[in-house]
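None of the figures in this text is laboratory data; all of them are computed from the coordinates on show. Nothing here was measured: the structure is a model prediction, and the numbers come from that model. Cβ sites come from the backbone with ideal geometry, for glycine too, and all protein chains shown count toward neighbours.
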Amino acid sequence: MSKVLMIGAGGVATVAAFKIVQNADVFTEFMIASRRKAKCDQLVKSIHDKGYNYDIKTAQVDADDVEQLKALFNDFKPELVVNLALPYQDLTIMEACLACGCNYLDTANYEPKDEAHFEYSWQWAYKEKFEQAGLTAILGCGFDPGVSGIYTAYAAKHHFDEIQYLDIVDCNAGNHHKAFATNFNPEINIREITQKGLYYEDGKWIETEPLAVHKTLTYPNIGGRESYLMHHEELESLVKNYPTIKRGRFWMTFGQQYLTYLDCIENLGMSRIDEIEYEAPLADKPEQKVKVKIVPLQFLKAVLPNPQDLGENYDGETSIGCRIRGLKDGKEHTYYIYNNCKHQEAYNETGMQGVSYTTGVPAMIGTMMFCKGLWRKPGVWNVEEFDPDPFMEQLNKQGLPWHEVFDGDLEL
Ligand SMILES: NC(=O)c1ccc[n+]([C@@H]2O[C@H](COP(=O)([O-])OP(=O)(O)OC[C@H]3O[C@@H](n4cnc5c(N)ncnc54)[C@H](O)[C@@H]3O)[C@@H](O)[C@H]2O)c1
Ligand SMILES: N[C@@H](CCCCN[C@@H](CCC(=O)O)C(=O)O)C(=O)O
């Protein structure tokens with residue numbers, strides 16, 4: 001049996017749904033539930049319009065509400081719940097999974113709505129409860145986190161006795177031809193990027209000012225791009241699971257235009273996540289004003305382009321990988337493993353751009369790993385704690401092929 005319930009119907013969920021129906025031999029029953037059922041139905045229609053004749057159920061659920069989730073889980077009885085909603089919903093969905101005997105998978109770690117801060121402690125705290133219930137929870141199964149951890153596990157298994165230096169490098173060299181847009185949920189993305197930087201060195205976490213540390217790195221088929229040191233969640237689990245790591249860092253590229261807009265957004269107060277009072281006209285009596293509370297960043301999301309609509313005119317590609325230095329048989333070696341993904345190819349296949357594609361495909365592969373019984377063990381786990389080999393094999397088959405460079409210059 002492989003009965004899967006996916007929560008969310010956004011960009012990442014759209015790609016994962018396409019990939020699930022392309023692997024219909026593995027997934028026997030599939031339901032998509034989100035805050036608005038109409039959005040789920042629209043997604044199913046887009047899948048049927050592409051010629052996939054697969055029966056998909058849909059439902060409405062508010063994933064902030066554990067009771068609503070429990071009612072849905074008890075009704076559909078999924079074996080695995082795939083959380084592709086927002087990081088705010090991780091804990092409510094995990095709670096409902098425990099209450100209803102469902103396994104769990106997500107792509108981003110929990111974040112409280114009122115604090116732009118992400119860390120695994122909230123979800124790791126569920127380890128014992130999942131163990132006792134005999135249920136598996138797979139955390140962070142997108143690209144980064146996700147494939148970045150699986151690449152590291154693969155390197156540790158096949159190429160190193162000791163990983164000492166790990167740099168995760170994430171480049172989006174695509175152009176969507178908009179003045180400013182984010183590639184996934186703008187609220188989550190802007191919260192992430194405007195945080196202080198953080199990296200790990202010699203057993204300590206070192207904080208930097210936001211985007212203050214940067215250097216030019218060369219990406220395959222792309223060339224040199226300015227890359228900024230950021231905090232990214234997978235570093236937290238990777239340095240714990242690979243204690244030989246002396247230094248772990250994460251780099252993401254940004255163009256100057258993007259940074260100029262980001263600076264304006266922050267200076268105008270539009271990245272604020274606290275509530276402000278606003279006098280708004282009543283919908284049916286515009287001459288009358290009513291005081292409402294709004295969160296500026298949520299308002300900004302409403303006026304920015306929807307990341308799901310960027311695909312059509314998007315050109316260029318992403319390049320995400322791990323640059324590793326360490327020891328094998330007493331000798332120092334370097335290793336670079338990466339994937340390049342073209343936005344247009346992602347769009348032609350799924351209607352979504354490359355950033356949604358690079359996240360949705362690994363989410364489906366993790367779902368497949370669970371359903372095939374290859375990644376199952378009671379508890380709460382990060383992806384690098386499972387066997388990377390069957391996942392790596394699927395990356396090559398499912399549209400995200402990987403490439404390796406041995407003993408090259410890592411530039412880091
Ligand atoms: N690991 C990675 O590489 C990576 C990269 C990009 C995005 N992500 C994560 O993927 C997830 C989805 O991103 P996206 O770009 O598709 O976002 P999106 O905003 O396009 O989609 C989110 C979906 O969740 C639904 N949703 C939100 N709140 C809900 C609630 N309370 N109840 C039910 N449904 C709710 C929305 O209606 C929407 O359909 C996010 O958690 C994001 O952080 C991970
Ligand atoms: N995998 C990433 C996806 C975000 C890519 C962000 N880069 C920016 C750069 C935009 C630009 O420089 O024009 C983007 O929005 O693509 C993640 O985990 O967060």
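What the table shows:
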read-out	value
Volume of the Cα convex hull of segment 213-306, divided per residue and given in Å³	181 Å³
Estimated FRET transfer efficiency when R0 is 45 angstrom, pair residue 77-residue 275 (beta carbons, to 0.05)	0.70
Hydrodynamic radius by Kirkwood, which averages 1/r over all alpha carbon pairs of segment 1-143, in angstrom	15.3 Å
Distance between segment 44-115 and segment 189-218 - C-alpha centres, whole angstrom	31 Å
Inter-label distance for residue 50 and residue 396, nm, one decimal - labels placed 7 Å from Cα along Cα-to-Cβ	2.4 nm
Residue 65 versus residue 345: modelled label distance in nm, points set 7 Å from Cα along the beta carbon direction	4.3 nm
Unit charges on C-beta of K, R, D, E only; dipole of segment 3-139, Debye	520 debye
Neighbour-count order for 406, 76, 370, fewest beta carbons within 10 angstrom listed first	406, 76, 370
Residue-span extension gain [residue 312 to residue 405] - 0.36 nm each, minus C-alpha spacing	30.2 nm
Cα gyration tensor of segment 277-383 - equivalent ellipsoid semi-axes, whole Å, descending	43, 21, 18
Helix-derived mean residue ellipticity, 222 nm - over the chain, DSSP H n ≥ 4, -39500 (n - 2.57), to 500	-10000 deg cm²/dmol
Set 57/77; 50/301; 70/372; 127/204 screened for pairs whose C-alpha atoms are more than 23 Å apart	50/301; 70/372; 127/204
Separation of the residue 263 and residue 215 label points, Cα + 7 Å toward Cβ, nm	2.3 nm
At R0 = 22 Å, FRET efficiency that the Cβ-Cβ distance of residue 256 and residue 196 yields, to 0.05	0.55
Charge dipole (segment 3-139, unit charges on Cβ, about Cα centre) - positive-most of 83, 4, 48	48
Antiparallel bridge percentage (DSSP; both residues within the chain; nearest 5)	60 percent
Tensor-based shape of segment 280-337 (alpha-carbon gyration tensor, a/c under 1.5 rounded, otherwise prolate or oblate)	oblate
Contact order normalised by residue count of the chain, Cα under 8 Å, 6+ apart, percent	21 percent
Those lysines that a straight Cα-Cα span of less than 25 Å connects to residue 285, excepting residues fewer than 8 apart in one chain	293
Stokes-Einstein diffusion coefficient of the chain, Kirkwood radius over Cα pairs, 4 °C, 1.567 mPa s, in µm²/s	59 µm²/s
Cys with no candidate disulfide partner in the chain (beta-carbon separation under 4.7 Å rule)	40, 100, 141, 171, 264, 322, 341, 371
Calculated FRET value between residue 376 and residue 25, using beta carbons and R₀ = 22 Å, to 0.05	0.70
Net charge contributed by nearby residues that have their C-beta within less than 10 Å of residue 144 (K/R +1, D/E -1)	-3
